[in-house]
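Please treat every number below as a calculation from the coordinates, not as lab data. What you are looking at is a predicted structure, and each value in this text was computed from that prediction instead of being measured. For neighbour counting, all protein chains shown are included, and Cβ atoms are generated from backbone atoms with ideal geometry for every residue, glycine included.
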Amino acid sequence: MSLDLDTSTDGVLTADTHLVQSFADLNALKQDGARTVIVGADGAFVTDSEGNKLIDGIGGLWCVNAGHRRREIIDAITEQLDTLDFYSTFYNFTHPAAAALATKLAELAPGHLNKVHFANSGSVANDTAIRILHHYYNRLGQPKKKQILSRHGAYHGSTHLAIAMTTPAYSEGWDKAEGLVHHLRCPHHWREGEGQTEAEFLTSLIADAKARIEEIGPENIACFIAEPIMGAGGIIVPPPGYHAAMGALCREYEIKYISDEVVTAFGRLGHFFASKDVFGVQPDIITTAKGLTSGYQPLSATILSDEIHEVISEPGGTFLHGMTYSGHPAAAAAGLANIALMERDRIPETVRTTGKRFEGNLRGLADLEMVGEVRGSHFMMGIEFVKNRETKEPFTPEDMIGLKVAKAAQNRGLIARPLGNILILSPTLVMDDTLIDRTSDILREAITEVQNAL
């Protein structure tokens, strides 16, 4: 049976009526022309079915860090499939690609994070971290330590447990794992720290977290999970010192610290991992995906401390967790090639300069009337639009401001991600100065167009 993929200029895939798309208004997608059909990609650009060449301002979805159509990664995948297309890492079986990638990740990860479990998505990587910690505490004879601390504004995935750890807005109308997750305050100074300096806001956040820990009981809490910078919650950067302070609080109460680096790892903030190098915290577990293969293959990793692994690998039990495609040979080969390319081209180091140019250009948009705040770091940026800059009054959902700006930008050759009143930019990490400047010029034109139409 063959599948007819009609990518002609009508912009419609023959099979699109059968595809259930993620995080979409499924009713709206019933309308003709509601989809943008991407049919090609190269470098920092993608091409749609109308022949338009667009700057990929969202990097696929936070993930195409090394850029599109890199022969080094494509050839590595092809060679691996031609040698060993698939074998699992179940039981006593393994294969060279998974073992080599685990070794490389242990080399890159900070401190004592030396043991790696592979899966195929960030959601599953985060679920895996929780399952492992629950098992870890069972083995230590502390079966009550099951509760999870997360935060309002967090995004940790969309599986049944991961969505429970995610900010509640993402599970409205949907069920999720109940009774395990407690959400701490969102560390967004601009919205939540009215009348406080950043230092005062930080003090209040830590005091609030300490109070919640004592209320729940540290003997009942397994872990705190946090993105270094909140992504799909709106690009929220915590006040300076937040992660280090939360790490110290977790150590004080014997709570494990999970750093969700699904987005921030592999160069997006100028380092392979951001937790320690950028934010000064040593996690007990790091979860990652997306940039691990630059999106060329679905792969995620849950990277564990030696101490956690020592407990779960003691005699007297089987590690009853894993997926068929954990450490898939082609995905592992893609990860190895992606990291080798990044090291050869010094992509993380380059981002420390180009990413700051990108960040600075976008912060320059703050002079526009409806721009309330520009926030983020390097190639992970958000622009929040407001009706009134003085009062920070937001637009209503019916205004669809983010979507309108995104459409105006796409008409000018840039894909950006609307999120309510926020526009998110997470482009490939291979943009040069000319392309960075063009991106900010397009955004200024798009925002101005929507602003003038209000």
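State the answer as a single residue: which of 86, 76, 148 lies farthest towards the positive end of the charge dipole of region 68-166, with beta carbon charges of +1 for Lys and Arg and -1 for Asp and Glu, about the Cα centre.
148
How would the chain be classified by its alpha-carbon gyration tensor: rounded, prolate or oblate, with rounded meaning a/c under 1.5 and the a/b versus b/c comparison settling the rest?
Since a/c reaches 1.5 but b/c is at least a/b, the shape of the chain is classed as oblate.
Any of 30/290; 356/404; 115/145; 146/176; 146/256 with alpha carbons more than 20 Å apart? Name them for me.
30/290; 356/404; 115/145
Can you give the net charge of the other residues whose Cβ lies under 11 Å from the Cβ of residue 373, counting K and R as +1 and D and E as -1?
Charge balance near residue 373 sits at +4.
Between residue 34 and residue 174, what length in nm is gained on full extension when 0.36 nm per residue of separation is reduced by their alpha carbon distance?
Stretched fully, the residue 34-residue 174 segment lengthens by 47.9 nm.
Would you mind classifying region 297-454 by shape? Square roots of the alpha carbon gyration tensor eigenvalues, ordered a ≥ b ≥ c; an a/c under 1.5 is rounded, otherwise it is prolate if a/b is larger than b/c and oblate if not.
Prolate, since a/c reaches 1.5 and a/b exceeds b/c.
Taking square-rooted eigenvalues a ≥ b ≥ c of the alpha carbon gyration tensor, is region 195-269 rounded, prolate or oblate, where a/c under 1.5 means rounded and, failing that, a/b exceeding b/c means prolate?
Taking the square roots of the gyration eigenvalues as a ≥ b ≥ c, region 195-269 is oblate.
Amide H neighbours of residue 147 under 5 Å, counting only residues 5+ apart in sequence or on other chains, H built in-plane at 1.01 Å?
Amide H neighbours of residue 147: 221, 222.
Considering only DSSP beta bridges where both residues belong to the chain, give the percentage that are antiparallel (nearest 5).
Once the DSSP bridges in the chain are tallied, antiparallel ones form about 70 percent.
Specify which residue in the list 418, 331, 358 is farthest towards the positive end of the charge dipole of region 318-426, using unit charges on the beta carbon of Lys, Arg (+1) and Asp, Glu (-1), about the Cα centre.
Value computed over the given set: 331.
Report the full-extension gain for the segment residue 314 to residue 251: residue separation times 0.36 nm, less the Cα-Cα distance, to one decimal in nm. All intermediate terms of the calculation are to be shown ahead of the outcome.
Values: separation 63, 0.36 × 63 = 22.68 nm, distance 2.34 nm.
That works out to 20.3 nm of additional length.
Per the helix-only calculation at 222 nm, which mean residue ellipticity applies to the chain, given -39500 (n - 2.57) for every DSSP H run of n ≥ 4 and division by its residues, nearest 500 deg cm²/dmol?
Numbers: 14 runs with 164 residues, N = 454.
Here the helix-only value at 222 nm equals -11000 deg cm²/dmol.
How far, in nm, would the chain grow between residue 452 and residue 220 when pulled straight, counting 0.36 nm per residue and subtracting the alpha carbon separation?
Gain on extension, residue 452 to residue 220, equals 78.2 nm.
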